[in-house]
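*Asks:* Got a structure here, written out as structure tokens. Questions coming.
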Amino acid sequence: MSNATAYCSPFAHAGSSVSSIMLQVCFALVPCTAFGLYLFGWPAIFLFLVTCLAAVVTELLCLFLLKQPWYRVLDGSALLTGWLIAITLPPWAPWWIGVVGGFFAIAIGKQLYGGIGQNIFNPAMLARTALLITFPLQMTSWVAPAPMGTAMAPGFQEALGITFLSASVPDGLTGATALGHLKTSLTLEIPATEILAENFVLWKSFLGLSAGSMGETSELLILLGAAFLFWRGIIQWHIPVAMLASLTLISFIFNYSNETSYADFLFHLTSGGVLLGAFFIATDPITSPISNLAKLIFGAGCGLLIYIIRTWGGFPEAVAFSVLFMNSFAPLIDRYCRPRVYGRLPGGKPLPQLSPVDLGREVGRRR
Amino acid sequence: MVMAILAITALGAGLGILLGLAGKFFAVEEENPLVKEIEAMMPGSQCGQCGFPGCAPAAKAVVDGEVGLNFCPPGGRALVEDLARILDIDPGSVGEVAKPLVANINESLCVGCTKCLKACPTDAVVGANGQIHAVLFDACTGCKKCFDVCPEDCISMDEEAETLRSWHWPKPAAA
Amino acid sequence: MFHGLLKLPQVRGGVHPHGHKDRSAALHILKTELPEKLYLPLRQHAGAEAIPIVKVGDKVLKGQLIAVAPSEVSAPVHASSSGTVIEIGEITAAHPSGLTSSAIIIQTDGEDRWIDLHKLENPYEEEPLVLANRVAEAGIVGMGGAIFPAAVKLKQGTKHEIKTVLVNGSECEPYLTCDDRLMREKAEEIIEGARLIRHILRAYRVVIAIEDNKPEAIAAMQAAAEAYGVIEVEVVPSRYPMGSAKQLIQEITGREVPAGGRSTSVGVLVHNVGTVYAIYEALVYGKPLISRVVTVAGACVARPRNVEALNGTPIEHLFEACGGLESEPAKLVLGGPMMGIPLPSVDVPTIKGATGVLALAKKEIPREESSPCIRCASCVEACPMGLLPLEMAARSRAEDLEGASEYGLSDCILCGSCSYVCPSHIPLVQYFQFAKGELDTKRVAARKMEYTVELSLAKKARIEAEKAAKAAEKAAKKAARKKTVKPTKPAAVTQVAEPESAEQQEETA
């Protein structure tokens, strides 16, 4: 057999590729990341670069050790993972947080499972969770926005000190996130309405002018990136919509029943990493289920868990935990939610033969 | 104390009796019924390609674990899977089965002695006295019985040739 | 009843590959010059190989029967031009394996002289079965590429109740325009053919389905169909694989063919427009299927167009008719790019199922090294059958054939939509082809085993019977010798005769 005929049809391709998907997701992340970098200045920029670099270098190292072609790194998945970790970190965290995160995500979260496509858990969220549990102090040291060019923003030299030498952060800038504040204040039996009235301004939160992770703060820009992904057909609506809808519903119900103990749904939707999680993290194809129904269940589960952990759990933020939890369920959900096959009933049995009466019935096209 | 001793003794005695009865009632007969079952699944041409003098000894060897499940070339992969099912073994762990062979008669040498015809257990050789014989590949199990009896050495055992019907796409090269 | 309640969704999935149809669709169908030699394979159809009835050296006429069908599911072969049979032997088959197939080779004499044809003045007066037999004698097979004998389908239709004759003119494969051109140029003949099929099946209505990217063909068919109320021309959206029978039936009737069933089970019979035209020619003029319209296209072809090619014409001859090849093709394909088969060389002949021959340049077949699956589910969205191609491929790759079947391998129509969209460039279709092939091989082996077990048992029984017969004979002789008185021969004979006849019975059985 000649070599020229060694593969079969189709002899055409839509032209998509893994790297183009990954790079388009990165592109969609540019607005919110750029805004976060501007908001938190040089220390954030350093941390971002270090984290991405760590992820890519770890990927190269793993490929080398696993004797895989080095150019696999060009698929962009390592860059995207590093990027996602970076924008969920406290912006002024020390450099080694980023390095450990990048290394953990790629080496343990991805390559140990067998490389791209084989991991059960979202590597970026796995790394973030690991960091949060191992280094709770560094992972919860938030700073108030200090946009570049303003008086409060640290200069280049100062920033090098913050990121690489663990120089102390100027006192006026430290601050808790709205979620963290709510959690600690509720334990002091202060009503939720009061806490939020003091600490939470919806429009500021929506635009991103609040304390938080590097790229999670601006809901508006995240939505912009998500719109791009929808337009390119890279993500489907099922997971984000189900996730946001379930979170909205449950927070609305609890807030409606008891305003003093539970925050309203707008607060939940615009705080923390919910939107980033819904559009960029839960939609990770590798760790989310396949069929549409399964995606809806998966998304709804994520939203529900976020609320449960935020409200009754030990951590103020819950996106990473919920996504990881649902990741572990994805194969199970997939198993029970297969799409119906043409010519078969939902259970998999062939469609029944038409009775002569049915056969005789006039049928036409549905328009 | 006495209660405990009594209880344990009673338990021991009860279980012992149960075991004894089970041994009587569920005793396996001298010949393992599995052997018969496996023999029925095999081609039954007593061809000896496995190295045993017939299908029954081979079936016994399989049950005793003396040979792997891939012992029978005429049975091929299909037999391996049937056996794996009733023996509860993962068919993936069984190695490749040797390609079954078929007999080919060299027409220029055949004298039409009908010896092979008589030796063939599946009537795969056709012909008549004094006429050149031919092999029906669909019926040939590659048992070599004809090969052994041919006085003219005109029979060769070859792998079945690939045809347009038997060809299929190979597995793509590893990704 | 339950089925009626079940609302079935519209055609799912599918892809929109670039058409590449403009150039070949713009030109008239070209009649090619007579090639010097014609290579007519004995199997150009699904089913058993035809058996030659001519010898080397025989003179044959155009349209003469040269090989007959040995069984119902098969098709005869006719000489596609007049000349001399110069060889009956093996030629490179139009098949990706590069293996050979047996063929009759005819040296043409240039006269192209027809055999006497038996015309039918009014085919509508004939019995349906007579007409179906006429289609069978003409060697007509499914010309959309399925190559299933057309007459078998027609006869099936006479057994089942067929409401709708669906004429498939959707031609969803890129590059191919042979059906488009045929509909534009032979609209009336196709309509007449469709009416004849309706007559054979006693069907209620005829629907001609055409994709919306062929406005000229739609106009031509509508004009030709206007005179007959029962013939509807339906415009269907251009979406691959709309031309697949199952998807087209779903689009037109809203019904799904039950898994494992045939189109006839939902009261529909599908024929390609090329087949319908061939049926018309056979029924009205008595012409056997000896030529067809073939699209010659691809970036390497100088002037892509449709040609009417005699069966058995080497495809090299077709390329020459279209201005030759401008550059070395990266891939020769028989059929369309989505489901066609790669060809080993330009020497292979045109066969009855050849919708097109493509000489594709490297730039047209973007093929990258495949990378691991990222479970993006693009294939799930593209699959028109609602399968999970990624799961099937993963199992086929691990040679877990049972697992692959459990995920619906048998429902896969090999349309290639999944491979087309896969961002990891995984050759999904080849995994399915491989797994299906392995399953087939196993089935064949299992059948052979069963057969040989039966044979060996039969032989054993026969030998036992022979032994018993011999023993009985011996005993009888002994008894005869002992009795010095008159031997009771008649009794002995009957005794012997009994097992012998039993044995004979077994042998014939």
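The values are calculated or read from the model by the stated rules, or taken from the named source; none is laboratory data. This is a predicted model, so every value here is computed, not measured. For neighbour counting, all protein chains shown are included, and Cβ atoms are generated from backbone atoms with ideal geometry for every residue, glycine included.
*Asks:* If the requirement is being in a helix (DSSP H, G or I) and buried (at least 19 other Cβ atoms within 10 Å of the Cβ), which of these qualifies: A:Ile290, A:Ile306, A:Ile234?
*Replies:* Every option except A:Ile306 fails the conditions.
*Asks:* Okay, moving on. Run down C:Ser102, C:Ser82 and say which single residue is among the hydroxyl-bearing types (Ser, Thr, Tyr), surrounded by fewer than 23 Cβ atoms within 10 Å (Cβ to Cβ) and within 14 Å of chain B (Cβ to nearest Cβ).
*Replies:* The conditions single out C:Ser102.
*Asks:* Of the residues C:Val270, C:Val276, C:Val284, C:Val257, which is part of a strand (DSSP E or B) and not small (Gly, Ala, Ser)?
*Replies:* C:Val270
*Asks:* Filter segment A:293-303 for residues that are surrounded by 24 or more Cβ atoms within 10 Å (Cβ to Cβ) and either under 25 Å from A:Ile195 (Cβ atoms) or under 16 Å from the mean Cα position of the chain (by Cα) (or both) and give the result.
*Replies:* Once the filter is applied, which keeps residues that are surrounded by 24 or more Cβ atoms within 10 Å (Cβ to Cβ) and either under 25 Å from A:Ile195 (Cβ atoms) or under 16 Å from the mean Cα position of the chain (by Cα) (or both), segment A:293-303 yields A:Lys295, A:Phe298, A:Gly299, A:Cys302, A:Gly303.
*Asks:* Could you tell me whether any residue of segment A:260-276 is closer than 24 Å to A:Ile116 by Cα and of a type in the set (A, V, I, L, M)?
*Replies:* Yes, there is a match, as at least one residue in segment A:260-276 is closer than 24 Å to A:Ile116 by Cα and of a type in the set (A, V, I, L, M).
*Asks:* Can C:Pro241 be described as closer than 28 Å to C:Cys412 by Cβ and either aromatic (Phe, Trp, Tyr) or crowded, with 21+ Cβ neighbours inside 10 Å (or both)?
*Replies:* yes
*Asks:* Starting from segment C:357-373, keep only residues that are facing chain A (nearest Cβ under 9 Å), then list their pairs with residues that are in a strand (DSSP E or B) whose Cβ atoms are within a distance under 7 Å, requiring at least 6 positions of separation or different chains.
*Replies:* What qualifies is C:Leu358/C:Ala297; C:Leu358/C:Val333; C:Leu360/C:Lys331; C:Leu360/C:Val333; C:Ile365/C:Lys331.
*Asks:* Something else: So, in segment A:138-187, how many residues would count as being modelled with pLDDT under 75, in a helix (DSSP H, G or I) and out of contact with any Ser or Thr (no Cβ under 8 Å at 6 or more places or on another chain)?
*Replies:* 9
*Asks:* Right, something else. Out of (1) part of a loop (DSSP other than H, G, I, E, B); (2) touching a Gly at 6+ places or on another chain (Cβ under 9 Å); (3) not assigned by TED's automatic domain parsing to the domain that holds A:Phe40, the odd one out for A:Ile190 is which?
*Replies:* Evaluating A:Ile190 over (1) part of a loop (DSSP other than H, G, I, E, B); (2) touching a Gly at 6+ places or on another chain (Cβ under 9 Å); (3) not assigned by TED's automatic domain parsing to the domain that holds A:Phe40 leaves (2) as the failure.
*Asks:* Restrict the check to segment B:118-131 and report whether at least one residue is in contact with a helix residue (DSSP H, G or I) (Cβ under 8 Å, 6 or more places away or on another chain), small (Gly, Ala, Ser) and in a helix (DSSP H, G or I).
*Replies:* Yes, segment B:118-131 contains a residue that is in contact with a helix residue (DSSP H, G or I) (Cβ under 8 Å, 6 or more places away or on another chain), small (Gly, Ala, Ser) and in a helix (DSSP H, G or I).
*Asks:* Here are the criteria: (1) crowded, with 22+ Cβ neighbours inside 10 Å; (2) modelled with pLDDT under 90. Tell me which single one C:Glu368 does not satisfy.
*Replies:* (1)
*Asks:* Would you say A:Ser328 is closer than 28 Å to C:Met392 by Cβ, of a type in the set (Gly, Ala, Ser) and more than 14 Å from chain C (Cβ to nearest Cβ)?
*Replies:* Taking the combined requirement at face value, the residue satisfies it.
*Asks:* To continue, here is another question. Taking segment C:235-271, which residues are in contact with a helix residue (DSSP H, G or I) (Cβ under 7 Å, 6 or more places away or on another chain), more than 7 Å from chain A (Cβ to nearest Cβ) and not small (Gly, Ala, Ser)?
*Replies:* Answer for segment C:235-271, where residues must be in contact with a helix residue (DSSP H, G or I) (Cβ under 7 Å, 6 or more places away or on another chain), more than 7 Å from chain A (Cβ to nearest Cβ) and not small (Gly, Ala, Ser): C:Val235, C:Val236, C:Tyr240, C:Pro241, C:Met242, C:Ile249, C:Thr264, C:Val268, C:Leu269, C:Val270, C:His271.
*Asks:* Scan segment C:319-339 for residues that are within 14 Å of chain A (Cβ to nearest Cβ) and not in a loop (DSSP other than H, G, I, E, B) and jot them down. Can you show your working first?
*Replies:* Going through segment C:319-339, the residues within 14 Å of chain A (Cβ to nearest Cβ) turn out to be C:328-339.
Hits for segment C:319-339 are C:Lys331, C:Leu332, C:Val333, C:Leu334.
*Asks:* I'm trying to understand the selection: among the residues of segment C:383-409, which are in contact (Cβ under 8 Å) with a residue 40 or more places away in the chain and facing chain A (nearest Cβ under 9 Å)?
*Replies:* Answer for segment C:383-409, where residues must be in contact (Cβ under 8 Å) with a residue 40 or more places away in the chain and facing chain A (nearest Cβ under 9 Å): C:Cys383, C:Pro384, C:Met385, C:Gly386.
*Asks:* Within segment A:103-131, how many residues are in a loop (DSSP other than H, G, I, E, B) and either within 14 Å of another protein chain (Cβ to nearest Cβ) or surrounded by fewer than 20 Cβ atoms within 10 Å (Cβ to Cβ) (or both)? I'd like the intermediate steps shown before the answer.
*Replies:* Narrowing segment A:103-131 to residues in a loop (DSSP other than H, G, I, E, B): A:109-110, A:114-122.
Cutting the leftovers down to either within 14 Å of another protein chain (Cβ to nearest Cβ) or surrounded by fewer than 20 Cβ atoms within 10 Å (Cβ to Cβ) (or both) gives us A:110, A:114-122.
So the answer is 10.
*Asks:* Which numbered condition trips up C:Glu72, out of (1) closer than 28 Å to B:Glu162 by Cα; (2) more than 24 Å from the chain's Cα centre (by Cα); (3) among the charged types (D, E, K, R)?
*Replies:* (2)
*Asks:* So in segment B:120-175, with the set limited to residues that are among the charged types (D, E, K, R) and more than 14 Å from every other protein chain (Cβ to nearest Cβ), which one is farthest from C:Lys442 (Cα to Cα)? Break it down stepwise before answering.
*Replies:* Initially, segment B:120-175 is screened for residues among the charged types (D, E, K, R), giving B:123, B:138, B:144-145, B:148, B:152-153, B:158-160, B:162, B:165, B:171.
Next, from what is left, pick out any that are more than 14 Å from every other protein chain (Cβ to nearest Cβ): B:144, B:148, B:152-153, B:158.
Working: B:Lys144: 23, B:Asp148: 29, B:Glu152: 35, B:Asp153: 32, B:Asp158: 20 Å.
Filtering first and then ranking leaves B:Glu152.
*Asks:* Do any helices (runs of 4 or more DSSP H) entirely within segment B:31-116 hold 2 or more residues that are closer than 20 Å to C:Leu439 by Cβ and within 14 Å of chain C (Cβ to nearest Cβ), and if so, which? It would help to see each step written out before you state the result.
*Replies:* On the way: elements: B:33-41, B:55-63, B:76-87.
Qualifying helices (runs of 4 or more DSSP H): B:76-87.
*Asks:* Cβ-Cβ distance below 8 Å, separation of 6 or more or different chains: which pairs start in segment C:435-461 with a residue that is facing chain B (nearest Cβ under 7 Å) and closer than 15 Å to B:Pro100 by Cα and end on one that is surrounded by fewer than 16 Cβ atoms within 10 Å (Cβ to Cβ) and among the acidic types (Asp, Glu)?
*Replies:* Every condition considered, the pairs that remain are C:Lys448/B:Asp138.
*Asks:* C:Ala26: under 26 Å from C:Leu414 (Cβ atoms), away from chain A (no Cβ under 14 Å) and at pLDDT below 90, yes or no?
*Replies:* Values: under 26 Å from C:Leu414 (Cβ atoms): no; away from chain A (no Cβ under 14 Å): yes; at pLDDT below 90: yes.
Here the answer is no, as C:Ala26 does not meet what is asked.
*Asks:* Residue under question is C:Asn306, and the condition is that it be closer than 18 Å to C:Phe148 by Cα, buried (at least 24 other Cβ atoms within 10 Å of the Cβ) and more than 14 Å from chain A (Cβ to nearest Cβ); does it hold?
*Replies:* no
*Asks:* Taking the options C:Gly353, C:Gly312, name whichever one is on the phi > 0 side of the Ramachandran plot, under 27 Å from the mean Cα position of the chain (by Cα) and in a loop (DSSP other than H, G, I, E, B).
*Replies:* Numbers: C:Gly353 fails: on the phi > 0 side of the Ramachandran plot.
Sole residue among the options that is on the phi > 0 side of the Ramachandran plot, under 27 Å from the mean Cα position of the chain (by Cα) and in a loop (DSSP other than H, G, I, E, B): C:Gly312.
*Asks:* Take the residues in segment C:410-434 that are more than 7 Å from every other protein chain (Cβ to nearest Cβ) and touching a residue at least 60 places away in the same chain (Cβ under 8 Å), then tell me which one is surrounded by the fewest Cβ atoms within 10 Å (Cβ to Cβ).
*Replies:* Out of the qualifying residues, it is C:Ser410.
*Asks:* More than 14 Å from chain A (Cβ to nearest Cβ), surrounded by 21 or more Cβ atoms within 10 Å (Cβ to Cβ) and part of a helix (DSSP H, G or I) - does that describe any residue in segment C:164-176?
*Replies:* Looking through segment C:164-176, none of the residues is more than 14 Å from chain A (Cβ to nearest Cβ), surrounded by 21 or more Cβ atoms within 10 Å (Cβ to Cβ) and part of a helix (DSSP H, G or I).
*Asks:* Filter segment C:33-47 for residues that are surrounded by fewer than 19 Cβ atoms within 10 Å (Cβ to Cβ) and at pLDDT below 85; which is nearest to the chain's Cα centre (by Cα)?
*Replies:* This residue is C:Ala46.
*Asks:* For a quick check of your reading of the model, give me the residue pairs whose first member lies in segment C:313-327 and is closer than 14 Å to C:Arg292 by Cβ, whose second is small (Gly, Ala, Ser), with beta-carbon atoms closer than 7 Å and at least 6 apart or on different chains.
*Replies:* Note: pairs meeting the criteria are C:Leu318/C:Ala309.
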